[in-house]
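Colleague: Let me give you the structure first, and then I'll get to my questions.
The values are calculated or read from the model by the stated rules, or taken from the named source; none is laboratory data. What you see is a predicted model, and the numbers here were worked out from it, not measured in a lab. Heads up, the Cβs are rebuilt from the backbone with ideal geometry, glycines too, and the neighbour counts pull from every protein chain shown. The protein model used for the area step is the full one, side chains on, heavy atoms only, and it has no ligands, DNA or RNA in it. Shrake-Rupley method; radii C 1.70, N 1.55, O 1.52, S 1.80 Å.
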Amino acid sequence: QKEVEQNSGPLSVPEGAIASLNCTYSDRGSQSFFWYRQYSGKSPELIMSIYSNGDKEDGRFTAQLNKASQYVSLLIRDSQPSDSATYLCAVHFMDSNYQLIWGAGTKLIIKP
Amino acid sequence: GAVVSQHPSRVICKSGTSVKIECRSLDFQATTMFWYRQFPKQSLMLMATSNEGSKATYEQGVEKDKFLINHASLTLSTLTVTSAHPEDSSFYICSARDEGYEQYFGPGTRLTVT
């Protein structure tokens, strides 16, 4: 059973702090991991992809991957109210053709 | 880069009619396109996967005769909701991939069936 798990939240973080979002997945053979942001009433938007163990930074965003522990996380530094959204974790499993398996998403609220 | 358009953005139709939604990749060739449905405050639900020139693969529980998918070219896929009913009212979103596994989403179509 291919599963991607996220805490649904809401996760409330004060403005300017670091928001930490976590995701676990069920298949050790997975190679490709993605974070999407979805604002209410809008479609998802790709913000980060990560393929190898360690950290990947892009502006205020850092994705962290630990394949041995089967988790991937997203850190948002200097959180802004505009970061308030639902963050979706998606994983490509080796035998799932080109489909992504989606977590249910974590709702993040940045409080001014 | 990686822009996907979707039309219409909103549509209201009467029960029993059919609605066609278009999804286009504007600056890349989409080898695979995906159609999702999302109900309010719920997760994305994959409806079907389509590859250019071949029949779509539908997820379990999705009626292929009700949700017709055509992927006629590398830049265009269409979803037709046939004989729509109020329970089909939802947010329909397409996505596309080129060479990697990441998917790029269209802006979505909000369907209301009255």
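Colleague: Only one of these conditions is not met by A:Asn97: (1) within 11 Å of chain B (Cβ to nearest Cβ); (2) in contact (Cβ under 8 Å) with a residue 60 or more places away in the chain; (3) not acidic (Asp, Glu). Which number is it?
Modeller: (2)
Colleague: Pairs only if they're at least six apart or on different chains, beta carbon under 7 angstrom, first in the stretch A:49-65 and more than 14 Å from A:Tyr25 (Cβ to Cβ) and surrounded by 11 or more Cβ atoms within 10 Å (Cβ to Cβ), second modelled with pLDDT of 95 or more and of a type in the set (Asp, Glu); list them, first residue then second.
Modeller: A:Arg60/A:Asp78; A:Thr62/A:Asp55
Colleague: Let me ask another. Just for strands (runs of 3 or more DSSP E) wholly inside chain B: which have at least 1 residues that are open to solvent by 10 Å² or more (accessible area, probe 1.4 Å) and within 12 Å of chain A (Cβ to nearest Cβ)?
Modeller: B:4-7, B:10-13, B:32-38, B:45-51, B:90-97, B:109-113
Colleague: Here's something else I'd like to know. Give the stretch A:1-11 a look and list any residue that's of a type outside the set (D, E, K, R) and open to solvent by 60 Å² or more (accessible area, probe 1.4 Å), or say none.
Modeller: A:Gln1, A:Asn7, A:Ser8, A:Pro10
Colleague: Which ones in the stretch B:8-22 are polar (S, T, N, Q) and within 15 Å of B:Phe67 (Cβ to Cβ)?
Modeller: B:Thr17, B:Ser18 - these are the residues of the stretch B:8-22 that are polar (S, T, N, Q) and within 15 Å of B:Phe67 (Cβ to Cβ).
Colleague: Spot the failing condition for A:Ser43; the list is (1) over 10 Å from the mean Cα position of the chain (by Cα); (2) surrounded by fewer than 21 Cβ atoms within 10 Å (Cβ to Cβ); (3) more than 16 Å from A:Gln6 (Cβ to Cβ), and only one is missed.
Modeller: Status for A:Ser43: all satisfied but (2).
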